[in-house]
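First comes the structure, then the notes that go with it.
Coordinate-derived values only; no laboratory data. Computed from a prediction, not measured in an experiment: that's the story for all the values here. Positions of Cβ are backbone-derived with ideal geometry, glycine not excepted, and every protein chain shown enters the neighbour counts.
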Amino acid sequence: MRSCLRLASFALVAALSAPALDAQTPIPPVRADHPAIKAALETIKADNAWTIEQQVSICEIPAPPFKEERRAAEMKRRFESLGLSNVRIDSIGNVIGEYRGEGDGPTVMVNAHLDTVFPEDTDVAVTRAGTLLKGPGIGDDCRGLATILAVARAFKLAKVQTNGTILFIANVGEEGPGNLRGVRYLFRKPPTRIDYVVAVDGTGLGIVTGAVGSNRYKVSFKGPGGHSYGAFGMPSPIHAMGRAIAKMADMRVPTSPKTTFNVGIVEGGTSVNTISPLGAMDVDLRSESAEELARLDATFRKAVADGLKEENDRWPESKAKVTVDIEDRGVRPASLRKDEAPIARVAYNAGVTLGFKAEMGAGSTDANIPMSLGVPAITLDGGGQGRGAHSMTESYDDGDRGYLGPQWVALVVSALAGVRGSEARVVP
């Protein structure tokens, strides 16, 4: 029931937020030859050391799940120092700054997430060895935060004039426990009409054009428990969970659209000679297709129900019975890839302009929310090369062309917002 209410809420926001665009809507071309844009790109390259310094200094401010306040306050300060307008932190913790347009062009949201996956006491010091940086979160998503700062700074210094307003946003809650809460809030209570979304997340030079949806659950089998010898003959929550896991392991899923399932954590038990009162598991279901995800969800629930029934039926003389609770631990909406959508084509063409061909794919990012609402959205990598995301050994190597990431984002965002003096609107 909660999922149905959530989808209904999203549908209402979609009607209010989604632009009147379709696959044939003309959009501004990539204009690397525009004098102001050219100056902005040159600034990003020339001042690459500044971008790296932002990345390192931001990353050394802890931002564990649901405790992003310190990093948010610092991003607010930096937005203000760069001259963005109407800088504020909304009620959920998102930092918002505006680069105001001078015409009636579309509003473009460019965002990176504040949070990391690491607990509060994690040592977040960053070490350097040449172009190699090491530290928890240095790529995901300190690189994204540094990238949007570099773009805002370059636009200001080059005096880029856009037709539409650009919203620079450092949002909370992208990582697992956060369940996209920052962007969900933005689309429930948008600061203004949002026509395009460009999320910047991670490293490399790839484009996410589809949303990998996920349903995550905590499944708890419960019973009275007892002594393994003295109370033998009663159903066991752990045995019920084992039956359910075995049935899940036999579930069949399509390879295209890619659909997956996993039991990631199991817990329960107090001693080897105790019938545990609890058997619990964390379950992750994913798909690029909303239909396949719904189908998998139904199969998973049947596996749980059948495992429960079989364990209770195994001990018909017992008055004790096992029950089960399925707790929603996060639902991310799915959306099939749209590689030919205008926003994706602009991003690809911008990469070609800079000398590379970006690969397209699907992912689980902040863009899931606008994609599911029909708002044109993509996620772009921030350049460089990252390794070990979500690990204590996470690293980022800027190499000799790390600046391409911020340049790429600048080209894409300026094309979508429309650059003054290049109003010709043609599909690239």
By count of other Cβ within 10 Å, fewest leading, how are Trp408, Trp315 ordered? Trp315, Trp408
Using only the Cα atoms, what convex hull volume per residue in Å³ does the chain have? 141
Of the listed links Lys134/Lys357; Lys67/Lys134; Lys222/Lys321; Lys45/Lys156; Lys247/Lys319, those spanning more than 19 angstrom between alpha carbons are Lys134/Lys357; Lys67/Lys134; Lys247/Lys319
If we count other beta carbons within 10 Å of each Cβ, what is the order of Cys142, Cys59, fewest first? Cys59, Cys142
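Treating only the Cβ atoms of Lys and Arg (+1) and Asp and Glu (-1) as charged, compute the dipole magnitude of the chain about its Cα centre; round to the nearest 20 debye. Provide the component values of the computation, followed by the final result.
On the way: 49 positive and 50 negative charges, 133 e Å.
The dipole of the chain has a size of about 640 debye.
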Determine the principal axes of the Cα atoms in segment 274-332, then give the extent along each, sorted from largest to smallest and rounded to whole angstroms. 45, 19, 13
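Calculated FRET efficiency, Glu53 and Asp90, Cβ-Cβ r, R0 30 Å, to nearest 0.05?
After rounding to 0.05, the efficiency reads 0.65.
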Once you've got the GNM for the chain with C-alpha springs shorter than 10 Å, pick whichever of Ala305, Ala334, Ala389 has the biggest mean-square fluctuation. Ala305
Please work out the Cα center distance from segment 151-193 to segment 100-125, rounded to the nearest Å. 6
Between Arg128 and Lys302, what is the spin-label point distance in nm, taking each point 7 Å from the Cα along the Cα→C-beta axis? 5.8
Of Gly230, Gly361, Gly213, the most mobile residue in a GNM of the chain (C-alpha springs, cutoff 10 Å) is Gly230
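Can you say what percent of the DSSP beta bridges in the chain, counting only those with both residues inside, are antiparallel? Round to 5.
70
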Two-decimal log10 I(q)/I(0) for segment 213-332, as the Debye equation yields it once each C-alpha is a single scatterer, q = 0.14, 0.15, 0.16, 0.23 Å⁻¹: -0.58, -0.65, -0.72, -1.22
Which ³J(HN,Hα) values in Hz, rounded to whole numbers, follow from the phi angles of segment 118-126 under the Karplus curve 6.51 cos²θ - 1.76 cosθ + 1.60, where θ = phi - 60° and Gly and Pro get x? 8, x, 4, 8, 5, 6, 9, 5, 9
Per-residue HN-Hα couplings for segment 264-271, Karplus 6.51 cos²θ - 1.76 cosθ + 1.60 at θ = phi - 60°, whole Hz, x for Gly and Pro? x, 9, 10, 8, x, x, 10, 7
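Pop the C-beta distance of Arg70 and Val266 into the FRET formula with R0 = 25 Å and round what comes out to the nearest 0.05. Could the numbers behind the result be given before it?
Values: r = 35 Å, r/R0 = 1.39.
The value I calculate is 0.10.
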So what's the angle, to the nearest 10 degrees on a 0 to 90 scale, between helix 48-59 and the longest Cα principal axis of the chain? 30
Would you mind ranking Asp141, Asp397 so that the residue whose beta carbon has the fewest other beta carbons within 10 Å leads the list? Asp397, Asp141
Residue-ordered couplings for segment 172-185, obtained by feeding phi - 60° into the Karplus form 6.51 cos²θ - 1.76 cosθ + 1.60 and rounding to whole Hz (Gly and Pro as x), are 8, x, 7, 5, x, x, x, 6, 6, 4, x, 6, 4, 4
